[in-house]
1. Please name whichever of Trp53, Thr28, Thr91 sits farthest to the positive end of the charge dipole of the range 28-101, dipole taken about the Cα centre and charges placed at Cβ: Lys and Arg +1, Asp and Glu -1.
2. Under 8 Å for C-alpha pairs, at least 6 residues apart: give me the relative contact order for the chain, rounded to a whole percent.
3. May I ask for the equivalent-ellipsoid semi-axes of the chain, computed as the square root of five times each C-alpha gyration tensor eigenvalue and listed largest first in whole Å?
4. For the chain, with every protein chain kept in place, what is the accessible area per residue (1.4 Å probe, Å²)?
5. Of Lys87, Lys65, Lys43, which has the most accessible area and how do the rest follow, probe 1.4 Å?
6. The range 52-124: D in µm²/s via Stokes-Einstein (Kirkwood Rh, Cα pairs, 20 °C, 1.002 mPa s)?
7. Calculate what fraction, in whole %, of the accessible area of the chain sits on carbon and sulfur atoms when a 1.4 Å probe is rolled over the protein chains.
8. Placing +1 at every Lys and Arg Cβ and -1 at every Asp and Glu Cβ, with all other atoms neutral, what dipole size does the chain have around its Cα centre, in debye to the nearest 20?
Amino acid sequence: QVRLVESGGGLVPAGGSLRLSCAVFGLTSRPYAMGWFRQAPGKERVFVAAINWSATSTAYADSVKGRFTNSRDDAKNTVYLPMNRPKPEDTAVYYCAREDGHTVSSSGRGVDYWGQGTQVTVSS
């Protein structure tokens, strides 16, 4: 059974910084891509960022481009999402996602495993 466990969420002031982590547990086929989605109160879950299997390609939603980055450490089976200069509109529950293959579909329809989510609250 594959499990994704996020950590690092919390309260952060606007303009500060925060780093989310997602550890992958259990046997998993390779290759696989990893991504992040978020869901704000009363809104649908949306794509935030993704990194491909070889870590040679990343993708970001326009709303976070230039502020968030995405990296992975396969030796630790962990992906990271450093959040720089967060804004109050970044407040949401952030979910880690895993998808077989080399990319993560921005729609989320191809995701085969989700984490439980971690709350990020950005104060103004």
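1. Thr91
2. After rounding, I find 36 percent.
3. 23, 14, 14
4. On a per-residue basis, 51 Å².
5. Lys43, Lys65, Lys87
6. Rounded to a whole number, D works out at 158 µm²/s.
7. Solvent-exposed carbon and sulfur of the chain make up 50 percent of the total.
8. The calculated dipole for the chain is roughly 160 debye.
The values are calculated or read from the model by the stated rules, or taken from the named source; none is laboratory data. Just so it is clear, the model here is predicted, and its values are computed rather than measured. FYI the Cβ positions are ideal-geometry reconstructions off the backbone, even for glycines, and counts take in every protein chain you see. Note: accessible area is taken over every heavy atom of the protein model, side chains too, but ligands, DNA and RNA are not part of it. Shrake-Rupley method; radii C 1.70, N 1.55, O 1.52, S 1.80 Å.
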